[in-house]
Amino acid sequence: MDFFHTWLPFLYLYGVGGIAFIIGMLIIIRSNALRLTFQKHLKWVWVLIFGFLFYAAIHAFLIFVAIGS
Amino acid sequence: MMNIEVGTQLDKIVILVYFSLVMGFGAYFGKYSKSTNDYFFGGRRFAWWLITISIVATGVGSHSFVKYSTKAYQYGLSSTMTYLNDWFFMPLFMFGWLPIIYYTKVRSIPEYFERRFNPTARYLATMMILLYMIGYIAIQFLTLATALYRIYGIPLMLTVVLIAIATTIYMHFGGQTSVIFTDLLQGFILIFAGLLLFFLGIQFLGNQVGINGLSAFWMNLTPLQKLPLAHFNHPPDFNFVGIFWQDGIAGSIGFLFLNQGLIMRFMAAKSVNEGRKAAAINVLFVLPISAIVVSNAGWIGRAITNVAPGILPSEMAANDVFVAVTNIVASPGVFGFIIAALCAALMSTADTLVNASSAVVVNDIYRPLSKKVKTEKQELEFARWTSIAVKVIAVILVPFFNSFDSIYEAHGWFHSTFTPPLVVGVFLGIFWKRFTSQAVIATFLGGAFLMILGQFYPQLISPFDHGIELRPDRGYSYIGALYNIFVCAAVGVIVSLFTKSDSSQKLVGLTVYDVQNLKSIFKGSDANEEVGGCPVVNWKLESNDSDELRFSSNDMKLMKANPGDLVYVQDARWWLGGLKSAHSTYGKPHSEDGVVYINSSHLEHGQFVEGLPLKAEKEM
């Protein structure tokens, strides 16, 4: 198991995917489609960030476990 | 093809009972389709949980079980990659595209192309989307028929025709409401059946090794098979970077932004916020479960092979693993039930696509080309017959797809051929105001030309290959998606920069930059954003032709509502998920607290039950 099989796909996924995610967040905030002054919208900001970290954590955990085994 | 004895009499009966149950269930909901709006969009009334489960059934096609268990058997847990990479575009979907399609009342993706660009863009998009969806339906028919004809011994094409007739019976009468409710039932069944198969497989492994089943399963996968992501660029037919561009980028945008079936499902939600909840829960929690559901037969098969090599036939092809493992771990009757879940996957994906194709034909061909204005009844009748015609064409296309080496290949060919120009067109249309009408036409035509060129001259794709090996005579596989997206986007951007931008008046409400004003555009006046309560009230009928619901002054105060605001009422029983509900506007208040006055039109649409209360909530 080398870097090409373990952490490179992870870094690429959350690097390139992360850029798409951040650009998306910036577009909806700057266009006022998501208004940070709205309590309801603010809740969604946390959900969106949680979702990103949730998936990154699942993938990182499984890679650690596979390497460990 | 491996020769396996599949299916007992009991299995055959279970499958037949299942088909009858779904047809009856779906046909029952026909009474809720009173107009084309109900038929296609379910009347904009359903709760998030109903939408979520029905999306599962749509997303998991019958090909998913075969396709993912094959990859799971060959490569282990990395078969889940495509189910766990959809979050990146959620911000743009939830706060960009979803409010646009919901509030502008766009009835189809091609209609968006006409409003945003011009009629030519609409017709090109119509053609591409219809070809894509009807072909997809044909692939679904073929996958299920391939499994069923071996169980019943009926010729393949006759099996295809029988499946098409079965789905027609409930769809013909019920439309989107039937699709949502049958998909709810089938979503539960296919998740339950997939998890049951996993449980039985683990139990089987435990019995073989003599230890706890879960430990036996985990111990008998190699470290490589436990990795959640594939090798970066090797082998050519299953590598991380290619699949990331094909599925994580093109596939995710295509699924979220262009899948007419999915869009119609979100438009059936009672509000944009309910649509957001459905999308978030689906991607966060249901997709990981679905990944286990569709892949586990392959993982179990791999663990069985590692622990006891003789149990699965040595000559077994990888794509037979689903049927082989199910046959080994499930007893008679349970095998039939799991195959019935495969039927569930097919029927729920096919019915959504048929309904969506029918919506596109009615909205983008019939209405624009029709010289006389048609009544709702005529349009509804046409929509019903269109759904039959769509299925007939799909059945005719089945032999063409049967000529591909595998269903996987046929499916991949579809995705790579029809998705990128549409993905680029809709994405730049929503998020880049400068993207012009000429540019979208150039993207469709010029981009498609460059994509075809890439198929014939793979060296054009080489600069994008990330070190993936070029297969002699077969070209590049998944990474071609990156090249296709790049050339389509390049054509679109270059032509936009050299052509005059569309007037900003024309773009009102159609880009992400107007989302904040969409509620007012939808309502026709300023949106009332004050957060109020949701009273439960009794209803009384009054003879009144105007589309207004009348509440008491105190109830209006509780809801922080004013006359003219939009209101939604539903049967107070939450588990109906909004099936019995109606949208309207607040009328002049009265003094009878806890009572709402409705008219016969609301009653007919909402199918409210005498004596049962309604829950009211202000929309805006």
Checklist entry - Going by the structure shown, is B:Val493 β-branched (Val, Ile, Thr), more than 14 Å from every other protein chain (Cβ to nearest Cβ) and under 25 Å from B:Ile101 (Cβ atoms)? => result yes
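Does B:Ala317 count as within 17 Å of B:Ser79 (Cβ to Cβ), in the same structural domain as B:Trp48 (by TED's automatic domain parsing), surrounded by fewer than 24 Cβ atoms within 10 Å (Cβ to Cβ) and of a type in the set (A, V, I, L, M, F, W, C)?
Judged against the criteria, B:Ala317 is a match.
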Checklist outcome for this item: Selection from the stretch B:233-243 of residues surrounded by fewer than 24 Cβ atoms within 10 Å (Cβ to Cβ) and facing chain A (nearest Cβ under 9 Å) yields B:Asn233, B:His234
Checklist outcome for this item: Screening B:Pro288, B:Pro228 for residues that are at pLDDT 90 or above, under 20 Å from the mean Cα position of the chain (by Cα) and more than 24 Å from B:Thr511 (Cα to Cα) leaves only B:Pro288
Checklist entry - Does the stretch B:96-111 include one or more residues that are among the charged types (D, E, K, R) and surrounded by fewer than 20 Cβ atoms within 10 Å (Cβ to Cβ)? => result yes
Item to check | Residue satisfying all of: in the stretch A:1-23; in a helix (DSSP H, G or I), touching a residue at least 40 places away in the same chain (Cβ under 8 Å) and surrounded by 17 or more Cβ atoms within 10 Å (Cβ to Cβ); farthest from the other protein chains (Cβ to nearest Cβ) among these | outcome: A:Tyr14
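Quickly run through the stretch A:45-57 and pick out the residues that are hydrophobic (A, V, I, L, M, F, W, C) and at the interface with chain B (Cβ under 7 Å from one of its Cβ atoms).
A:Val47, A:Leu48, A:Phe52, A:Phe54
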Checklist outcome for this item: Here the residues within the stretch A:24-34 that are crowded, with 16+ Cβ neighbours inside 10 Å and not polar (S, T, N, Q) are A:Gly24, A:Met25, A:Ile27, A:Ile28, A:Ile29, A:Ala33, A:Leu34
Item to check | In the stretch B:222-232, the residues that are of a type outside the set (Phe, Trp, Tyr) and buried (at least 19 other Cβ atoms within 10 Å of the Cβ) | outcome: B:Gln225, B:Lys226, B:Leu227, B:Pro228, B:Leu229, B:Ala230, B:His231
Next on the checklist: For the stretch B:244-285, give me the residue count where each residue is within 12 Å of chain A (Cβ to nearest Cβ), under 12 Å from the mean Cα position of the chain (by Cα) and small (Gly, Ala, Ser).
Outcome noted: 2
Checklist entry - Quick one: how many residues across the stretch B:102-133 are touching a Lys or Arg at 6+ places or on another chain (Cβ under 9 Å) and in a helix (DSSP H, G or I)? => result 10
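The values are calculated or read from the model by the stated rules, or taken from the named source; none is laboratory data. Because the structure is a prediction, the values reported are computed rather than measured. Glycine also receives a Cβ, built like all others from the backbone with ideal geometry; neighbour counts cover every protein chain displayed.
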